[in-house]
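**Student:** Below: one structure in structure tokens.
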Amino acid sequence: QVQLVESGGGLVQPGGSLRLSCAASGSIFSRYAMDWYRQAPGNERELVASITTEGNTNYADSVKGRFTISRDNAKNTVYMQMNSLKPDDTAVYYCHVIISWHNYWGQGTRVTVSS
């Protein structure tokens, strides 16, 4: 059973920063690419950032230069540092992994960017 637990969301003013964490259960974490998705009210869930097992990263155009995804395999944890936050970044953020063609999601952590 794979479990993903996100944390680090909250309310922040425009221009502020947050760091999200996703703790994964099991010792297989280091063998899989990990993603962060987000879903804003009324919108579809969208891919925000990905990181491979080797540490290669990809970002949605809307967050390039502002968000940084990273992983610590020793801690079974993936992070996303979010800087220069904008109101459009308001959403529930989800951690995601595909293992043996199964999609696993965390429960999500809410980020609200507002003054």
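**Student:** Quick one: which residue in TYR37, TYR32, TYR59 is open to solvent by 40 Å² or more (accessible area, probe 1.4 Å), touching a Leu at 6+ places or on another chain (Cβ under 6 Å) and of a type outside the set (Gly, Ala, Ser)?
**Tutor:** When all the criteria are applied, what remains is TYR37.
**Student:** Hey, could you check region 63-93 for residues that are polar (S, T, N, Q) and under 11 Å from the mean Cα position of the chain (by Cα) and say which is nearest to ARG19 (Cα to Cα)?
**Tutor:** The selected residue is GLN81.
**Student:** I'd like to know if region 73-93 contains one or more residues that are part of a strand (DSSP E or B) and in contact with a Gly (Cβ under 7 Å, 6 or more places away or on another chain).
**Tutor:** Taking every residue of region 73-93 in turn, at least one turns out to be part of a strand (DSSP E or B) and in contact with a Gly (Cβ under 7 Å, 6 or more places away or on another chain).
**Student:** Could you grab the pairs with beta carbons closer than 7 Å, sequence gap of 6+ or different chains, first residue in region 50-72 and touching a residue at least 60 places away in the same chain (Cβ under 8 Å), second one open to solvent by 40 Å² or more (accessible area, probe 1.4 Å)?
**Tutor:** As it stands, the answer is none, since no pair meets every condition given.
**Student:** Going through region 94-113 one residue at a time, which ones are within 13 Å of the chain's Cα centre (by Cα) and assigned to a loop (DSSP other than H, G, I, E, B)?
**Tutor:** GLY106, GLN107, GLY108
**Student:** Of the residues LEU47, LEU20, which single one is buried (at least 18 other Cβ atoms within 10 Å of the Cβ) and either of a type in the set (Asp, Glu) or within 20 Å of VAL97 (Cα to Cα) (or both)?
**Tutor:** Of LEU47, LEU20, the one residue that is buried (at least 18 other Cβ atoms within 10 Å of the Cβ) and either of a type in the set (Asp, Glu) or within 20 Å of VAL97 (Cα to Cα) (or both) is LEU20.
**Student:** If I go through region 73-91 residue by residue, how many of them are open to solvent by 20 Å² or more (accessible area, probe 1.4 Å) and in contact (Cβ under 8 Å) with a residue 60 or more places away in the chain?
**Tutor:** 6
**Student:** Any residue at all in region 11-31 that is of a type in the set (A, V, I, L, M, F, W, C), in contact with a helix residue (DSSP H, G or I) (Cβ under 9 Å, 6 or more places away or on another chain) and outside any strand (DSSP E or B)?
**Tutor:** Yes, region 11-31 contains at least one residue that is of a type in the set (A, V, I, L, M, F, W, C), in contact with a helix residue (DSSP H, G or I) (Cβ under 9 Å, 6 or more places away or on another chain) and outside any strand (DSSP E or B).
The values are calculated or read from the model by the stated rules, or taken from the named source; none is laboratory data. Nothing here was measured: the structure is a model prediction, and the numbers come from that model. Please note: Cβ atoms are built from the backbone with ideal geometry, for glycine as well, and neighbour counts cover all protein chains shown. The area values use the complete protein model at the heavy-atom level, side chains included, leaving out ligands, DNA and RNA. Shrake-Rupley method; radii C 1.70, N 1.55, O 1.52, S 1.80 Å.
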